[in-house]
Every structure is written in structure tokens, then in C-alpha cells.
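> The structure that follows is given in the form of C-alpha cells.
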Amino acid sequence: MGQRSRQKPKLLADKLFAIRENLGISQSEMASRLELDAPYTTISAFERGKQEPDLIILLRYARLAGVSTDVLIDDSYVSNNVSISGVKKSHRV
């Protein structure tokens, strides 16, 4: 029997990009702050949705942004710290 692929958040890449942009740092600096051994290209892959961060890295993103991991994972959450498409209010959509 085959395994079903897991459901993936559609807005995660946008949120990760927004976090870095809100911090005003480069991809290299973000990799450093996330304590990644990988190069900045890994951050680029996260932000383009080509790769997803593991849970520990996702937790580090959330802590840098000052948000719950729920905000990053759940597409129905929008936060002031992770504004997407001009939506500014912290609420469930």
C-alpha cells in the first residue's frame, strides 16, 4: 500500500519570506540566526516553497518572529508580524 502525502501549508513560504523581510536581514543572516549549517540557498528554497524547514527550524522562525508555530503552519492565521498580501490584523481568516 502506498502512503498518502501529507497536507502542506500553502502560505508557509510567503510567511517565512515576510519574517525575514520584517527583520530586515539577508538570507545569509537568517541562516545564521536560525543556526543552520546550510548556506543561504536553503533559506531561498524555504521562501520559494521548494523545500520546507524541519520542525526545529520552524520553531526557530516562530521565535524570531515572536509568533506561535500555529501562525506559520495554519494558512488561516495572519499576524501583524507575518503580514501577507497587505493583511495587517492579527486574526483567523
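All of the numbers you see were taken from the coordinates with simple rules; none came from a lab. It should be emphasised that the depicted structure is a prediction, and the values quoted were computed from it without experimental measurement. Glycine gets a Cβ as well: all are built from the backbone with ideal geometry, and neighbour counts include every protein chain shown.
> For the subset of the range 42-75 comprising residues that are β-branched (Val, Ile, Thr) and surrounded by 13 or more Cβ atoms within 10 Å (Cβ to Cβ), which member is nearest to residue 5 (Cα to Cα)?
Top of the filtered list is 73.
> Sticking with this structure for a sec: Of all residues in the range 18-32 being touching a helix residue (DSSP H, G or I) at 6+ places or on another chain (Cβ under 6 Å) and without any contact (Cβ under 8 Å) to a residue 40 or more places away in the chain, which is farthest from residue 77 (Cα to Cα)?
Taking the candidates together, the pick is 28.
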